[in-house]
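Please read the structure below before turning to the comments.
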Amino acid sequence: MTAKRIPDSNAAFFFGNYITYKQVKDASDKVLGFLKSVGFDKGDRAIVSLPNTPHYTPIVNGIMKAGGIVVQCNPLYATREIEFIAENSRAKLMFCLDLIYGNVEPLLDRGLLEKVIICGIQDFIPNASPAEPPEKRSELTSFEEVMKAEKVEKYAEIDPENDVAMFQYTGGTTGFPKAAMLTHYNLVANAYQVREWDPKASPNDVAIGLLPVFHVYGMTMLNAGILLGCMVIPVPDPRNYEQSLQLIQDFRLTTFTAVPTMFVGMMEVLERQKYDLSSLRVCTSGAAPLPLEVKDRWEKMTGVRIAEGYGLSETSPVTHANPIYGLNKAGSIGIPVPDTLAVVIDD
């Protein structure tokens, strides 16, 4: 939808490379073409285990265009954790970062996956030297090869309210992680809810992607940015606070979403070195309670308000948030986002 509306607008910036919405759309149609060529059908599951890189959006959209189910997976997981997700989700194939292939290869050896697609950061860095490829095997291919597939623009027919689009694994309260089953409607509705929360948001905004996209919070904030049509700068390593602050300064970023520990890390850097953060309009925080002292210290240090919110994987995820420009109550998760019913009960 955004690619049709503003095809030549920049969707992302990554290590010196601008990527337009049309390029993202074309790449996702090639992912779909590849999936069709390997027999991936509606209802099939594909694991996506990537940090914040430009691969994520075309891969996820390509899988969903095929009617498949995206299985989110933390790229820092060890082999046994990936094996659990592969077996539990009954995944057919996997897209993963080249740096973690050593943790994934045993799944091919055991026959748990039919195919693995290797993605490298150099795929989106002009003139970058390719990483040393792993030993060739028939079940292994590269994202570069996927991008040679024919574009397919005939998408699977889906029932948005009932067809599952994503398995988002969550720790829950006991035992192994469990997959929250999110429909297409769940994902799109929450992206609209997040977008509408900031009445000043516009396609002219520039956002930084600090939150990991394999986490439901980061994924939905990315979707909201795409829906809005703004440019997002993905950051593969969110703990590189110097890089993040430099990007905010250089690109005059207007907003970013983080977790409390990220605000603490940035403030530690700001105590040593000054950065111009005057372009920031607002920051939002979630995924963990925001300590009052962190909120107070950040706002005094930067002059930028933090609006705290709340959500859970099963709701994809945002359910509550403090108003960005209205009453911002410290220590509160705020009020329900549009079209959300909240019930307060006792024990």
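The values are calculated or read from the model by the stated rules, or taken from the named source; none is laboratory data. Fair warning: this is a prediction, and the values are worked out from it, not measured in the lab. Backbone-built Cβ (ideal geometry, glycine too); neighbour counts: all protein chains shown.
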Q: Kindly indicate which of Val269, Val343, Val318 is among the hydrophobic types (A, V, I, L, M, F, W, C) and surrounded by 21 or more Cβ atoms within 10 Å (Cβ to Cβ).
A: Val318
Q: Would you check if there is a residue in the stretch 127-139 being touching a residue at least 12 places away in the same chain (Cβ under 8 Å), crowded, with 18+ Cβ neighbours inside 10 Å and on the phi < 0 side of the Ramachandran plot?
A: no
**Q.** Yes/no for Thr319 being more than 16 Å from Val194 (Cβ to Cβ) and free of Cβ contacts under 8 Å to residues at least 40 places away in the same chain
**A.** no
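Output the number of residues of the stretch 45-58 satisfying the condition of being in a helix (DSSP H, G or I) and touching a helix residue (DSSP H, G or I) at 6+ places or on another chain (Cβ under 6 Å).
Of the residues in that region, 2 qualify.
Residue-wise test of (1) in contact with a Pro (Cβ under 7 Å, 6 or more places away or on another chain); (2) part of a helix (DSSP H, G or I); (3) buried (at least 22 other Cβ atoms within 10 Å of the Cβ); (4) touching a residue at least 12 places away in the same chain (Cβ under 8 Å).
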{"residue": "Asp26", "(1), (2), (3), (4)": "no, yes, no, yes"}
{"residue": "Phe34", "(1), (2), (3), (4)": "no, yes, yes, yes"}
{"residue": "Phe40", "(1), (2), (3), (4)": "no, no, yes, yes"}
{"residue": "Gly43", "(1), (2), (3), (4)": "no, no, no, yes"}
{"residue": "Val60", "(1), (2), (3), (4)": "no, yes, yes, yes"}
{"residue": "Glu87", "(1), (2), (3), (4)": "no, yes, no, yes"}
{"residue": "Met94", "(1), (2), (3), (4)": "no, no, yes, yes"}
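Going by the structure shown, is Phe263 under 26 Å from Phe13 (Cβ atoms), assigned to a strand (DSSP E or B) and not assigned by TED's automatic domain parsing to the domain that holds His55? Full working, then the answer.
Details: under 26 Å from Phe13 (Cβ atoms): yes; assigned to a strand (DSSP E or B): no; not assigned by TED's automatic domain parsing to the domain that holds His55: yes.
Spelling it out, it is not the case that Phe263 is under 26 Å from Phe13 (Cβ atoms), assigned to a strand (DSSP E or B) and not assigned by TED's automatic domain parsing to the domain that holds His55.
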Q | Hey, Thr183 among the hydroxyl-bearing types (Ser, Thr, Tyr), out of contact with any His (no Cβ under 7 Å at 6 or more places or on another chain) and in contact (Cβ under 8 Å) with a residue 24 or more places away in the chain or not | A | no
Q) Given the structure, is Val213 among the β-branched types (Val, Ile, Thr) and touching a Leu at 6+ places or on another chain (Cβ under 7 Å)? A) yes
Q) Of the residues that sit in the stretch 294-303 and are more than 18 Å from Gly334 (Cα to Cα) and of a type outside the set (Val, Ile, Thr), which one is nearest to the chain's Cα centre (by Cα)? A) Trp298
Q) With respect to the numbered conditions (1) touching a strand residue (DSSP E or B) at 6+ places or on another chain (Cβ under 7 Å); (2) farther than 17 Å from Ile208 by Cα, which one is the sole condition not fulfilled by Ile248? A) (2)
(Q) Of the residues Pro126, Pro106, only one is of a type outside the set (Gly, Ala, Ser) and under 29 Å from Asn17 (Cα atoms); which? (A) Pro126
Q | Residue that is surrounded by the most Cβ atoms within 10 Å (Cβ to Cβ) [pool: residues in the stretch 296-315 that are of a type in the set (Asp, Glu) and in contact (Cβ under 8 Å) with a residue 24 or more places away in the chain] | A | Glu308
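Residues are listed down the side, and each one gets a yes or a no for (1) among the hydroxyl-bearing types (Ser, Thr, Tyr); (2) touching a Lys or Arg at 6+ places or on another chain (Cβ under 8 Å):
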| residue | (1), (2) |
| --- | --- |
| Ala201 | no, yes |
| Gly218 | no, no |
| Phe251 | no, no |
| Phe256 | no, no |
| Val269 | no, no |
| Ser279 | yes, yes |
Q: Among the candidates Ser37, Ser9, single out the residue that is of a type in the set (Ser, Thr, Tyr), touching a Gly at 6+ places or on another chain (Cβ under 7 Å) and outside the structural domain of Leu227 (by TED's automatic domain parsing).
A: Ser9
